[in-house]
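Peer 1: There's a structure below that I have some questions on.
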Amino acid sequence: LILINDGSTDHSAQTINNWITQNPNIKVKLVSQVNQGHGQSVLNGYQLALESNTPWIFQCDSDDQIEAKDFSKLWKYKSEADFIMGQRLHRHDPLIRLVMSRIMRAWVFILFGLNIADPNCPFRLFKRECLQEALKNFPPNVFAPNIHLSVEFYKNVRNGKYKYVTVPIIHRERQSGTPSLKGIIKLLQISFRVVKELLIHRRMA
């Protein structure tokens, strides 16, 4: 397990270290960093996962909107696909976030011709080589790396290189933590940034 503690203020590191002490047989790497934001934290975790040489990599957020037990729904398809994507059903997010997600999905289709049901879903399982190749082909330090990874994964599906499975998963109201993106203006600013990064990604293709 690789846990990225992105500048939390709720004693997460202490809680995790206590748990590690109580469970010495489980391999856990805790990385505590100055707050860098969700996107950079995901990228940092991906780089550490690549360094571990594990054949499969699984990513999820820590807000408990998707239950950890749903991992088994993805894992059972590992013999049939190179990557397995969760698709959040009946999302319990504010309306503005749902609208933004639809806009991002539309931009992915416009720029890349890819119809991806949930390109930013933070619940996904994929082979190491899929991640290794994808990271070479989109801009560094992007705000929403999962969208860019989805684009690269699905491009390879279209080219006949990868096989994939989409798995419906239950999405709940946020159970822990406080969302950092609040307010319509802030969300609109982020939307413009993501679209700009997708345009750069398209030019690199």
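The values are calculated or read from the model by the stated rules, or taken from the named source; none is laboratory data. Owing to the predicted nature of the structure, the values given are computational and were not obtained by experimental measurement. Every residue, glycine among them, receives a Cβ derived from its backbone with ideal geometry; neighbour counts consider all protein chains shown. Keep in mind that these areas ignore ligands, DNA and RNA; they rest on the heavy atoms of the full protein, side chains included. Shrake-Rupley method; radii C 1.70, N 1.55, O 1.52, S 1.80 Å.
Peer 1: Using the Cβ atoms and a cut-off under 12 Å, what net charge is assigned to the surroundings of Asp63, where Lys and Arg are +1 and Asp and Glu are -1?
Peer 2: Local charge sum for Asp63: -3.
Peer 1: Counting pairs on different chains as well as pairs 8 or more places apart, how many Lys pairs in the stretch 70-205 have Cα atoms under 28 Å apart?
Peer 2: The result is 26.
Peer 1: Give the lysines whose C-alpha is closer than 17 Å to that of Lys27, dropping any in the same chain fewer than 8 places away, or say none.
Peer 2: Within the straight-line cut-off, Lys27 pairs with nothing.
Peer 1: Nothing charged except the Cβ atoms of Lys and Arg (+1) and of Asp and Glu (-1): what's the magnitude of the dipole of the stretch 1-139 about its Cα centre? Round to the nearest 20 debye.
Peer 2: Charge dipole, the stretch 1-139, about its Cα centre: 280 debye, nearest 20.
Peer 1: Would you please state which residues of the stretch 101-136 a label at Lys163 would reach in this model, taking the label point 7 Å out along Cα→Cβ and a backbone N cut-off of under 19 Å?
Peer 2: 125-131
Peer 1: Right, another one. When DSSP assigns beta bridges and you keep just the ones with both residues in the chain, what percent turn out antiparallel, to the nearest 5?
Peer 2: In the chain, DSSP labels about 40 percent of beta bridges as antiparallel.
Peer 1: With the dipole of the chain worked out from charges on the C-beta (+1 for Lys and Arg, -1 for Asp and Glu) around the Cα centre, which of Leu199, His11, Pro24 lies farthest toward the positive end?
Peer 2: With unit charges placed on the Cβ atoms, the residue in question is Leu199.
Peer 1: Amide H to amide H, which residues 5 or more places from Ser32 or on other chains are under 5 Å from it, using H placed in the peptide plane?
Peer 2: Asn5
Peer 1: Dividing the Cα radius of gyration by the Kirkwood radius, what Rg/Rh value follows for the stretch 105-205?
Peer 2: 0.97
Peer 1: At 7 Å along Cα-to-Cβ for each site, give me the label-to-label distance between Met204 and His90 in nm.
Peer 2: 3.8
Peer 1: How far is the Cα center of the stretch 83-131 from the Cα center of the stretch 1-71, in Å?
Peer 2: Spelled out, the Cα-based centre of one part sits 21 Å from the other.
Peer 1: Here's another thing I want to ask about it. For the stretch 1-92, report the accessible area per residue in Å² (1.4 Å probe, heavy atoms, rounded to an integer).
Peer 2: Result: 63 Å² of accessible area for each residue.
Peer 1: Of all the accessible heavy-atom surface of the chain, with the other protein chains kept in place and a 1.4 Å probe, what percent is carbon and sulfur?
Peer 2: That share works out to 54 percent.
Peer 1: Can you give the FRET efficiency for Glu133 and Ser79, using 1/(1 + (r/R0)^6), R0 = 25 Å, r = Cβ-Cβ distance, to the nearest 0.05?
Peer 2: It comes to 0.75.
Peer 1: Please report, in whole Å³, the volume per residue of the convex hull around the C-alpha atoms of the stretch 29-86.
Peer 2: Each residue corresponds to 109 Å³ of Cα convex hull volume.
Peer 1: Taking the Cβ-Cβ separation of Ile184 and Asn25 as r and a Förster radius of 45 Å, what is the calculated FRET efficiency to the nearest 0.05?
Peer 2: Efficiency at R0 = 45 Å is approximately 0.40.
Peer 1: Could you work out how much longer the chain between Ala68 and Gln36 gets when fully extended? Use 0.36 nm per residue separation minus the Cα distance between them, nm to one decimal.
Peer 2: Gain on stretching Ala68 to Gln36: 9.1 nm.
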